[in-house]
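The values are calculated or read from the model by the stated rules, or taken from the named source; none is laboratory data. Remember, predicted model here, so these are calculated numbers, not experimental data. So basically every Cβ, Gly included, is an ideal-geometry build from the backbone, and we count neighbours across all protein chains shown. Calculation scope for accessible area: heavy atoms of the full protein, side chains included, ligands and nucleic acids excluded. Shrake-Rupley method; radii C 1.70, N 1.55, O 1.52, S 1.80 Å.
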Amino acid sequence: MTVRVRGLDVDLAGRPVLRGIGLDVPAGGWTAVVGPNGAGKSTLLLAVLGLRAGRGEVAVAGRDPRALRPRERARLVAYAPQHPGLPAGMTVFDYTLLGRSPYIPHLGRESARDRAVAGDVLDRLDLAAFAARPLGELSGGERQRVVLARALAQQTSVLLLDEPTTALDIGHQQQVLELVDALRAADGLTVVTTLHDLTLAGQYADSLVLLSGGRVAAAGPPGDVLTRESVAEHFGARVRVAPGPDGRPVLSPERPC
Ligand SMILES: Nc1ncnc2c1ncn2[C@@H]1O[C@H](COP(=O)(O)OP(=O)(O)OP(=O)(O)O)[C@@H](O)[C@H]1O
Ligand SMILES: [Mg+2]
């Protein structure tokens, strides 16, 4: 399923936050939205989810998410927020099961299949041993993986992940991104992530959108977007950029000499 944004403007608290944004993610594509703090990345994901009002066109699978009922939208798009509020007393399993809510009838109970899907997702994220633990007793990275588990349990065709790896160790970063990529290959999942790790963004996404000051500063294949010059201009960072073994850009921070 495709994600398409055209000429999107969003104002928050009377200030312009996004201006003239365009985004095109083909079915089965992975686009990473990168950019400095405050550039508007999270706001863009919320707009694609239909939760930030704005001017312009937003379409997920050809439909305007703002016009969908929440249940209908939750069967189409799953979202893992950057700063989720987690109920401290709820168990990991019950929280993951919330991802099945759009499939559970009103006043009904979850089915055996809903429980199996939640259990399978927890297995795949190394969280099976945590299933009975309350959320309030997890580490930052464990919490982040549980939020992803809930989103994956929704089994949607479109996945929006806002900084899914920031709290994760390097092994779990790779595990999470490989899992998302495997789902993309197997089920044709369409993925939009924000990612602060630019090398990881370039390794996994087939297309990058660099936001800066609420506008698209560059868009295209990772090697075109992640250049020494663009990183210096938009992040104020000094990096060396060299192609890795797969030709994708690898960024190394450099200290001023
Ligand atoms: N609810 C809000 N009300 C008013 N201003 C907001 C609101 N949410 C975000 N902003 C402002 O909009 C701008 C973009 O915020 P956003 O969270 O989209 O940035 P971001 O690119 O995701 O940044 P980060 O890398 O820090 O996560 C910022 O200047 C922020 O202060
Ligand atoms: Mg953000």
(request) Please list, ordered by first then second residue, the pairs with beta carbon atoms under 6 Å, 6 or more apart or interchain, first in region 34-46 and farther than 19 Å from V77 by Cβ, second at pLDDT 95 or above and near ligand 2 (Cβ under 8 Å from one of its atoms). (result) G35/K41
(request) Output the residue which, of all residues in region 19-28 that are within 22 Å of T227 (Cβ to Cβ) and surrounded by fewer than 22 Cβ atoms within 10 Å (Cβ to Cβ), is farthest from ligand 1 (Cβ to nearest atom). (result) D24
(message) Among (1) buried (at least 21 other Cβ atoms within 10 Å of the Cβ); (2) closer than 15 Å to L160 by Cβ, there is one condition L51 misses while meeting the rest; what is its number?
(response) (1)
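Restricting attention to region 233-253, and to residues there that are closer than 18 Å to N37 by Cβ and open to solvent by less than 50 Å² (accessible area, probe 1.4 Å), which single residue is nearest to ligand 2 (Cβ to nearest atom)? So that I can check it myself, show each step before the final result.
So in region 233-253, the residues closer than 18 Å to N37 by Cβ come out as 233-239, 251, 253.
Checking which are open to solvent by less than 50 Å² (accessible area, probe 1.4 Å) leaves us with 234, 237, 239, 251.
Numbers: H234: 15, A237: 17, V239: 21, L251: 20 Å.
Filtering first and then ranking leaves H234.
Which residues, taken from region 68-106, are within 30 Å of G14 (Cβ to Cβ), among the small types (G, A, S) and touching a residue at least 12 places away in the same chain (Cβ under 8 Å)?
Within region 68-106, the first condition is being within 30 Å of G14 (Cβ to Cβ), and the residues that meet it are 68-70, 73, 77, 79-85.
Then drop every residue that is not among the small types (G, A, S), which leaves 80, 85.
Of everything in region 68-106, just one residue is within 30 Å of G14 (Cβ to Cβ), among the small types (G, A, S) and touching a residue at least 12 places away in the same chain (Cβ under 8 Å), namely A80.
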(message) The conditions are (1) over 21 Å from V121 (Cα atoms); (2) in contact with a helix residue (DSSP H, G or I) (Cβ under 7 Å, 6 or more places away or on another chain); (3) not charged (D, E, K, R), and P102 fails exactly one of them. Which is it?
(response) (1)
(message) Filter region 188-221 down to the residues that are part of a loop (DSSP other than H, G, I, E, B), within 16 Å of ligand 1 (Cβ to nearest atom) and out of contact with any Pro (no Cβ under 7 Å at 6 or more places or on another chain) and list them by number.
(response) L195, H196, D197, G213
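R52 - would you say it is within 24 Å of H83 (Cβ to Cβ) and in contact with a strand residue (DSSP E or B) (Cβ under 9 Å, 6 or more places away or on another chain)? I'd like the intermediate steps shown before the answer.
Working: within 24 Å of H83 (Cβ to Cβ): yes; in contact with a strand residue (DSSP E or B) (Cβ under 9 Å, 6 or more places away or on another chain): yes.
In short, yes.
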(message) Quick check on this structure: which one of R240, R255 is part of a strand (DSSP E or B) and more than 26 Å from V10 (Cβ to Cβ)?
(response) R240
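Go over the candidates L160, L125, L135, L183 one by one and state the one that is among the hydrophobic types (A, V, I, L, M, F, W, C), at pLDDT 95 or above and away from ligand 2 (no atom under 16 Å from the Cβ). Give the steps one after another, and end with the answer.
Working: L160 fails: away from ligand 2 (no atom under 16 Å from the Cβ); L125 fails: at pLDDT 95 or above; L183 fails: at pLDDT 95 or above.
Residue meeting the stated conditions: L135.
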(message) Please determine whether any residue of region 51-67 is part of a strand (DSSP E or B), over 27 Å from A232 (Cβ atoms) and within 16 Å of ligand 2 (Cβ to nearest atom).
(response) no
(request) Kindly indicate whether any position in region 108-116 is modelled with pLDDT of 95 or more, surrounded by 13 or more Cβ atoms within 10 Å (Cβ to Cβ), outside any helix (DSSP H, G or I) and more than 19 Å from the chain's Cα centre (by Cα). (result) no
